[in-house]
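Here is the structure we will look at.
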Amino acid sequence: MKSSLMKKTIASAVLLTMIGVGVAWTTEQTVPQYREKEGTPIVQKHRKFPWLPVILGVGAGVVLIMVLTKKKKQTLTVNLNVGTSGNPAATATYKRGSIIDYAYTSKDGFDWLQVRLDGIVVPPSGKVTMDRDHTIDVSATEYYDLTVNLGAGVTGTPTTSASYHRDQVVSYSYSALDNASGVQVRLDNVVVPANGTVTMSTHHTLTARITNDMATFSNGVLTINGIRYEMELIPPGEFQMGSDSQEANHDEQPVHTVLISKPFWMGKTEVTQALWQAIMGSNPSKFKFGDDYPVEETQWEWCQDFVTSLNQMLGGNFFRLPTEAEWEYACRAGTTNDRYGELDAIAWYSENSGGYTHPVRLKQPNRFGLYDMLGNVWEWCQDIYDFPYPSGYWVDPLKTGENNQRGGRVYRGGSWESIAKAVRSPQRDRDHPNERRPVVSVGLRLARTNG
Ligand SMILES: [Ca+2]
């Protein structure tokens with residue numbers, strides 16, 4: 001297009017010049033001349049540029065030869081899609097007949113490179129002869145790893161870790177070699193059926209292992225693979241949520257009346273590392289000093305996976321994080337001061353912890369028989385963090401919805417590293433539910449709907 005326009009411009013310019021000069025050449029100039037004696041003027045006509053036709057003829061010939069012998073340019077259109085790189089990377093024009101080298105590769109995290117020349121699949125590197133306009137399209141597919149962990153005594157497929165295309169659907173199927181055992185399959189730490197599919201929308205981990213001991217919940221005791229977790233049935237009741245004390249923060253106000261309308265189960269202790277390990281098969285804690293230490297360095301999202309896995313093991317949907325109101329109600333256990341006892345007697349905090357967590361149940365419990373509600377590790381609640389509190393009378397409040405700008409999900413109770421002011425029943429804090437770094441010193445306590 002560009003060269004065609006240029007040719008037309010040159011041709012037009014040559015034509016216009018020839019016409020113009022032709023007109024000038026044909027214009028005769030009248031030159032009066034006088035005879036010496038008679039004084040009668042003799043008029044002679046002269047052409048102004050007598051040699052011009054020759055000059056023009058030669059010039060036009062040269063231009064014509066240049067235009068005719070000029071090589072045409074051809075365009076190579078290059079489309080490099082996401083995840084690809086190489087040369088040439090940009091669309092360009094080349095002299096007719098040029099031979100262009102091309103070579104393309106896929107970037108990290110992408111594979112299945114495909115190079116098409118004018119719609120036909122060609123090798124990832126090669127040559128293009130520019131005998132006409134060409135188009136190169138380069139594409140690559142994102143891939144994700146499926147990590148497979150198979151315990152002893154498990155059979156099925158797939159048995160090894162592998163990479164798959166984005167959105168590829170991978171079927172899996174596992175069973176126990178020994179018919180006396182069951183098999184538990186986890187996809188990204190959530191228990192799933194023993195047969196199913198995984199859609200590779202991200203990296204995934206598939207874990208299959210033998211389970212001999214099924215999970216049970218009976219008389220307030222949760223048992224999983226021999227690990228016990230005791231819970232208390234908390235009676236319904238009304239309480240004043242928040243605080244007007246001198247130590248209170250503005251997000252604890254206004255103090256308002258809340259009714260917890262139904263009995264619910266609350267863990268007597270923080271979730272221990274042993275319980276987390278029994279359900280999740282991993283332990284994110286910083287202080288791995290023993291089974292009875294509380295799990296910490298958790299994310300809210302991981303705690304959702306934890307309760308989901310637990311519920312799937314038990315075939316119900318009863319376990320969950322407590323709501324923020326349930327937590328404060330259970331913590332206060334009928335008390336109206338900011339703490340349910342003398343701080344050193346009830347809680348591990350910065351002044352007495354020595355700089356680390358402690359096994360659960362070493363401090364005095366509250367009136368509901370719950371240990372370490374204050375101190376040791378913070379405890380995630382279900383609610384989104386927001387303030388101020390609503391005023392008035394509220395029944396079983398739970399703040400849900402999208403995480404807001406104020407900072408994600410609530411945790412409660414203070415920890416081994418909190419100053420005394422932060423270790424109070426109404427004290428609130430929060431973090432994003434899937435903060436890239438796990439939240440230091442935050443663990444959880446299980447709640448369970450009564451049923
Ligand atoms: Ca605690």
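A quick yes/no check of all residues on (1) modelled with pLDDT under 95; (2) closer than 19 Å to residue 400 by Cβ:
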| position | (1), (2) |
| --- | --- |
| 296 | no, no |
| 300 | yes, yes |
| 304 | yes, yes |
| 310 | yes, no |
| 315 | yes, no |
| 318 | yes, yes |
| 329 | no, yes |
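For region 66-85, name all the residues that are touching a residue at least 40 places away in the same chain (Cβ under 8 Å) and small (Gly, Ala, Ser). Across region 66-85, the qualifying residue is only 83. Taking (1) among the hydrophobic types (A, V, I, L, M, F, W, C); (2) within 30 Å of residue 192 (Cα to Cα); (3) touching a His at 6+ places or on another chain (Cβ under 8 Å) in turn, residue 276 satisfies each apart from (3). Residues satisfying the criterion are present in region 287-296 (criterion: among the hydrophobic types (A, V, I, L, M, F, W, C), touching a residue at least 24 places away in the same chain (Cβ under 8 Å) and buried (at least 21 other Cβ atoms within 10 Å of the Cβ)).
Note on region 197-236: residues that are in a strand (DSSP E or B) and out of contact with any Gly (no Cβ under 8 Å at 6 or more places or on another chain) amount to 16. One residue stands out among those in region 341-372 that are in contact (Cβ under 8 Å) with a residue 60 or more places away in the chain and closer than 14 Å to residue 331 by Cα: the one that is surrounded by the fewest Cβ atoms within 10 Å (Cβ to Cβ), which is 369. Residues of region 418-425 include at least one that is modelled with pLDDT of 95 or more, closer than 16 Å to residue 253 by Cα and crowded, with 23+ Cβ neighbours inside 10 Å. When you look at residue 168, is it in contact with a Phe, Trp or Tyr (Cβ under 9 Å, 6 or more places away or on another chain) and at pLDDT 90 or above, yes or no? For residue 168, the condition - in contact with a Phe, Trp or Tyr (Cβ under 9 Å, 6 or more places away or on another chain) and at pLDDT 90 or above - is met. Of all the numbered requirements in (1) under 30 Å from residue 70 (Cβ atoms); (2) not in a loop (DSSP other than H, G, I, E, B), residue 104 misses one, and that requirement is (1).
The values are calculated or read from the model by the stated rules, or taken from the named source; none is laboratory data. In this text the structure is predicted, and so the values were computed from the model without any measurement. Glycine also receives a Cβ, built like all others from the backbone with ideal geometry; neighbour counts cover every protein chain displayed.
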